[in-house]
Amino acid sequence: MPESIPVEKNDQIEVTFSDLTQDGSGVAKVDGYTLFVPGGLPGEKAMVQVLKTKKGYGYGRIIELTQAGEERTTPPCPIYDQCGGCAIQHIGAKGQLDYKREIVRNALERIGGLSGVQVDETLGMNDPWHYRNKIQVPVAQQDGHFAFGFYKKRSHDIVNMDHCIITEPIIDEVVQTARRIAEEKGITPYDEAKNRGVLRHVMARSGKKTGEVMVVFITRTEELPFRKVLIKALTDAYPQIKSIVQNVNPKRTNAIMGEKTKTLWGRDVIYDQIGDVTFAISARSFFQVNPIQTEVLYGKALEYAGLTGEETVIDAYCGIGTISLFLAKKAKKVYGVEIVPEAIDDARQNAELNKITNAHFEVGKAEEVIPKWQEQGIKPDVIVVDPPRKGCDAALIDTMIAMQPKRIVYVSCNPATLARDLKLLTAGGFEIKKVQPVDMFPQTMHIECVVLMSRVGK
Ligand code: SAH
């Protein structure tokens with residue numbers, strides 16, 4: 001790092017971008033000093049205005065792109081520049097997949113010290129748009145108007161949105177219809193500063209295979225005015241709607257949903273299928289948002305698990321049992337563990353719904369429940385882990401090594417913690433066989449990856 005900062009606020013300089021950050025900003029070095037500039041891509045040159053300088057790094061904005069890269073494309077969304085939802089619409093489909101692969105390779109090398117590992121080409125979508133099966137749109141009073149759209153980056157200002165092109169068209173349309181009625185009838189939008197008003201969010205989710213739709217109104221108040229009008233208009237217009245739900249969230253909080261959920265019309269759940277497993281999805285259930293790529297990801301996990309019907313499998317961080325149930329049909333027994341009790345309730349119900357009897361689910365921390373299973377004499381042939389961003393707990397890694405499964409399948413949403421954990425597992429006697437990035441979230445910088453490890457000598 002240089003002794004002094006070589007640029008000042010409002011300076012205009014030409015830079016060459018050398019890297020891309022996890023949130024999609026370009027990185028440029030000015031005499032060794034790092035500038036983060038949204039929109040810049042590695043290899044490109046631009047005239048940049050310095051917006052802010054800190055001790056170790058600063059921020060800038062592009063005034064003019066002087067040399068565009070080959071991957072650059074025109075973002076199709078008209079509000080892309082303002083909306084905080086997508087980060088890399090300015091990169092073409094192939095470029096996005098290449099960057100994601102490169103980020104995984106870099107993380108393995110720099111953080112994991114694992115050089116020379118083959119990272120396969122990222123598996124992308126044929127149509128990397130219209131994929132999200134869930135949309136939740138904030139509602140607010142903004143400059144005296146009813147505002148409906150996503151937040152700007154690092155802010156709670158809403159960018160008004162008429163369409164979201166990464167969302168399935170049916171639910172994109174349903175939330176706009178709900179918005180129109182709410183606005184026409186004068187339902188008061190939520191006021192975050194004062195914690196007043198009624199409507200906080202409109203959410204809709206759909207089942208890709210079943211075509212079913214659920215609408216959720218998240219309100220601050222118990223009462224949802226014009227409830228009957230909303231229900232009639234929506235159900236008349238969209239026969240796909242099978243469930244309309246209200247969730248009450250009276251608190252001053254960034255959490256979208258509150259504790260209380262009541263069904264206003266139809267069922268409490270909608271159904272969808274992954275592979276041939278059916279899942280019941282309620283308003284608050286976690287469910288993967290890209291159903292097409294979920295099958296690709298779980299398909300890889302299944303392939304890597306190498307099941308013949310004789311194996312005992314542990315699925316750590318199992319959520320509502322998606323991977324467990326997907327694998328159960330090909331395994332002798334599956335043990336799933338998950339920290340959220342409601343998710344385990346869902347997992348058990350989903351097992352029942354699919355008449356799967358060889359899956360056992362337990363609530364608790366993976367790093368506590370799995371050592372207990374070990375004491376009970378459970379010997380897994382395969383351990384699958386799908387942890388949150390912070391990766392696996394160190395105690396769990398130790399237990400995995402001690403249990404000596406033949407194979408480990410690691411599903412990760414964060415290359416950095418994946419690399420850290422793979423390093424530990426490698427030291428513990430496992431070798432990396434396959435690293436497969438899967439693009440679950442096109443147009444964003446999120447990267448999902450599935451890794452196969454096997455015990456050395458097995
Ligand atoms: N495998 C699931 C969900 C993965 S998301 C699916 O594909 O749908 C990661 C999950 O880990 C979340 O459900 C989260 O609640 C859970 N979790 C977080 N910390 C945990 C811990 N220490 N032990 C067990 N589960 C945990």
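Quick note: the coordinates plus some simple rules give every number you see, no bench work behind them. Note that this is a predicted model, so its numbers are computed, not measured. Quick reminder, even Gly has a Cβ in these numbers, built from the backbone with ideal geometry, and neighbours come from all protein chains shown.
General observations
- Two-decimal Rg/Rh across segment 134-274, once Rg and the Kirkwood Rh are taken from alpha-carbon atoms: 0.94
- Between the amide H of residue 58 and those of 34, 35, 36, distances stay under 5 Å, these residues lying 5 or more places away or on another chain, with hydrogens modeled in the peptide plane.
- If you take the alpha carbon atoms of the chain and fit the smallest convex hull around them, that volume is 160 Å³ per residue.
- Label-point separation, residue 375 to residue 349 (7 Å along Cα→Cβ), nm: 3.2 nm
- DSSP-assigned coil residues among trypsin sites (Lys or Arg not before Pro) in segment 375-419, each with at most 12 further Cβ atoms within 10 Å: 389, 390
- Dipole orientation for the chain: of the candidates 281, 58, 164, 281 has the Cα lying most toward the positive pole (charges on Cβ; Lys, Arg +1; Asp, Glu -1).
- Evaluated at q = 0.26, 0.28 Å⁻¹: base-10 log I(q)/I(0), Debye formula over Cα of segment 12-67: -1.00, -1.17
- Net charge dipole, the chain: roughly 800 debye, given to the nearest 20, about the Cα centre with Cβ charges of +1 for Lys and Arg and -1 for Asp and Glu.
- Residues in segment 25-56 that a label on residue 14 would reach, taking backbone N under 11 Å of a point 7 Å out along Cα→Cβ: 45-48
- Karplus-based coupling profile of segment 81-86, in residue order and whole Hz: 5, 9, 6, x, x, 10, with θ = phi - 60° in 6.51 cos²θ - 1.76 cosθ + 1.60 and x standing for Gly or Pro.
- For the chain, the relative contact order works out to 12 percent when only alpha carbon pairs closer than 8 Å and six or more residues apart are counted.
- Once backbone amide H atoms are built at 1.01 Å from N, residue 360 has 334, 335, 336 as its partners under 5 Å, excluding neighbours fewer than 5 places away on the same chain.
- Sparse-neighbour loop sites [GluC sites (Glu not before Pro); segment 47-95; at most 12 other C-beta within 10 Å; DSSP]: 70
- Environment charge at residue 280 (Cβ cut-off 12 Å; Lys +1, Arg +1, Asp -1, Glu -1): -3
- Debye intensity ratio I(q)/I(0), log10, segment 49-160, q values 0.15, 0.16, 0.23 Å⁻¹ (C-alpha model): -1.01, -1.10, -1.25
- For a label point 7 Å along the Cα-to-beta-carbon line of residue 118, residues of segment 416-444 with backbone N under 13 Å: 432-436
- Of 208/365; 94/330; 232/262, those spanning more than 24 Å from alpha-carbon to alpha-carbon: 208/365; 94/330
- Sequence-separation-based contact order of segment 12-67, relative, with Cα cut under 8 Å and 6+ spacing, percent: 32 percent
- Loop-resident GluC sites (Glu not before Pro) (DSSP state other than H, G, I, E or B) in segment 364-458 with no more than 12 further Cβ atoms inside 10 Å of their Cβ are absent.
- Taken along the Cα-to-beta-carbon direction at a fixed 7 Å, the label points for residue 255 and residue 406 span 4.3 nm.
- In nm, spacing of pseudo-spin labels at residue 358 and residue 398 (7 Å Cα→C-beta vector): 3.3 nm
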